[in-house]
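The values are calculated or read from the model by the stated rules, or taken from the named source; none is laboratory data. It should be emphasised that the depicted structure is a prediction, and the values quoted were computed from it without experimental measurement. With ideal geometry, Cβ positions are generated from the backbone for all residues, glycine too; neighbour counts draw on all protein chains shown.
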């Protein structure tokens, strides 16, 4: 007898999160030039200067447990966003919080709505609790916002059994976004007994004139939850710290399932220091925007189709030869993110690097000698 038969049915059907590549193995096998890792949307400029000192001070206290409440970071976040600390929940990355939202608000017999091409964790959180996934079709590939969220389709997907709805803004992996006015109208149209989760992992990076965080809409919608992370713009991916901002009643429910000491002491201290350095954030976000536009323009000049993005990555359509291009890049130590798991096997997601990294990526792509139209 296999012990698999003892697993809960929801877990038996669940697929684990797919990181795309075994980066540790690739690093070990890399040649002298090392890897250029463009698959995880990390910040190539690193964290704020004060982060290292804060982390080292916390590390000196590694023999004792961290603050179980994360009080200092919560107070800093509350001041930063103009909210109360009772509406903030800390997570081991926003991934953990997205899973906990499913745990609290979904389960067997419950419908969870999320968009096609939405963040992979939405589907995992739904499946893990045995809820019913209801996937709303995305906008078509030839739309002004290709493969972006279709808000009308999301509204149409809501059923009497719906208790939870996820979307990301900006969205991963497409880089697309929903404008502030459209998002406000959408939230006003959703039943107030449905918890709406807006994952804003890339919010600090977004600079489109029509973009605005959903945080400003929290006073109007007690059913709204906004999740954020320090992994992207703040360059703390290795420390895993995120947070949710919600109505205090919702936050209290999430606290019931939060693991004790889920954010370690080094992460708490580093996140607080990163949050305090507004100038570093502003500078790195501005440089990301410059490099994103230059990289997108260079790819389009080569004839490749590049979607609009308000994140620190681009979704690039390479067509029928995508797998060949991915393999060719890997041979040169350049690691993109394959998109087959998202239902986009004709695309690769390319993290925006610094100027040197982007030049290396383009040189590696050019060295393949594959042109758009060569069976692509």
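Does residue 138 qualify as being over 28 Å from residue 262 (Cβ atoms), out of contact with any helix residue (DSSP H, G or I) (no Cβ under 9 Å at 6 or more places or on another chain) and free of Cβ contacts under 8 Å to residues at least 60 places away in the same chain?
Spelling it out, it is not the case that residue 138 is over 28 Å from residue 262 (Cβ atoms), out of contact with any helix residue (DSSP H, G or I) (no Cβ under 9 Å at 6 or more places or on another chain) and free of Cβ contacts under 8 Å to residues at least 60 places away in the same chain.
Take residue 39 and decide whether it is crowded, with 19+ Cβ neighbours inside 10 Å, assigned to a loop (DSSP other than H, G, I, E, B), in the same structural domain as residue 353 (by TED's automatic domain parsing) and under 25 Å from the mean Cα position of the chain (by Cα).
The answer is yes for residue 39.
Looking for whichever is in contact with a helix residue (DSSP H, G or I) (Cβ under 8 Å, 6 or more places away or on another chain) and either under 23 Å from residue 16 (Cβ atoms) or modelled with pLDDT under 95 (or both) here; the options are 101, 90. Which one fits?
101
What tally of residues in the range 20-36 results from selecting those that are touching a residue at least 40 places away in the same chain (Cβ under 8 Å), within 24 Å of the chain's Cα centre (by Cα), outside any helix (DSSP H, G or I) and more than 27 Å from residue 281 (Cβ to Cβ)?
Residues flagged as touching a residue at least 40 places away in the same chain (Cβ under 8 Å), within 24 Å of the chain's Cα centre (by Cα), outside any helix (DSSP H, G or I) and more than 27 Å from residue 281 (Cβ to Cβ) within the range 20-36 amount to 1.
Give the residues of the range 219-240 that are assigned to a helix (DSSP H, G or I) and surrounded by 22 or more Cβ atoms within 10 Å (Cβ to Cβ), sorted by residue number.
Scanning the range 219-240 gives a single hit, 239.
Answer with yes or no whether residue 263 is closer than 29 Å to residue 54 by Cβ and touching a strand residue (DSSP E or B) at 6+ places or on another chain (Cβ under 7 Å).
It is true that residue 263 is closer than 29 Å to residue 54 by Cβ and touching a strand residue (DSSP E or B) at 6+ places or on another chain (Cβ under 7 Å).
For residues that are in contact with a strand residue (DSSP E or B) (Cβ under 9 Å, 6 or more places away or on another chain) and under 16 Å from residue 318 (Cα atoms), tally how many sit in the range 341-362.
10
Of the residues 300, 349, only one is within 30 Å of residue 282 (Cβ to Cβ), in a helix (DSSP H, G or I) and modelled with pLDDT of 95 or more; which?
Exactly one of 300, 349 is within 30 Å of residue 282 (Cβ to Cβ), in a helix (DSSP H, G or I) and modelled with pLDDT of 95 or more, namely 300.
Give the range 284-316 a look and list any residue that's touching a helix residue (DSSP H, G or I) at 6+ places or on another chain (Cβ under 7 Å), touching a residue at least 24 places away in the same chain (Cβ under 8 Å) and closer than 19 Å to residue 178 by Cα, or say none.
Passing the criteria: 309, 312, 314.
Go through 254, 281, 268 for me and flag whichever is part of a helix (DSSP H, G or I), more than 17 Å from residue 77 (Cα to Cα) and either in contact with a helix residue (DSSP H, G or I) (Cβ under 7 Å, 6 or more places away or on another chain) or in contact (Cβ under 8 Å) with a residue 60 or more places away in the chain (or both).
254
If only one of 78, 106, 128 is assigned by TED's automatic domain parsing to the domain that holds residue 242, more than 20 Å from residue 246 (Cα to Cα) and either touching a helix residue (DSSP H, G or I) at 6+ places or on another chain (Cβ under 8 Å) or free of Cβ contacts under 8 Å to residues at least 60 places away in the same chain (or both), which one is it?
Exactly one of 78, 106, 128 is assigned by TED's automatic domain parsing to the domain that holds residue 242, more than 20 Å from residue 246 (Cα to Cα) and either touching a helix residue (DSSP H, G or I) at 6+ places or on another chain (Cβ under 8 Å) or free of Cβ contacts under 8 Å to residues at least 60 places away in the same chain (or both), namely 128.
I'm checking my understanding of the structure. Among residues of the range 180-207 that are in a loop (DSSP other than H, G, I, E, B) and either under 18 Å from the mean Cα position of the chain (by Cα) or without any contact (Cβ under 8 Å) to a residue 24 or more places away in the chain (or both), which one is surrounded by the fewest Cβ atoms within 10 Å (Cβ to Cβ)?
207
Of the residues 45, 17, which is closer than 30 Å to residue 126 by Cα, assigned to a loop (DSSP other than H, G, I, E, B) and in contact (Cβ under 8 Å) with a residue 60 or more places away in the chain?
17
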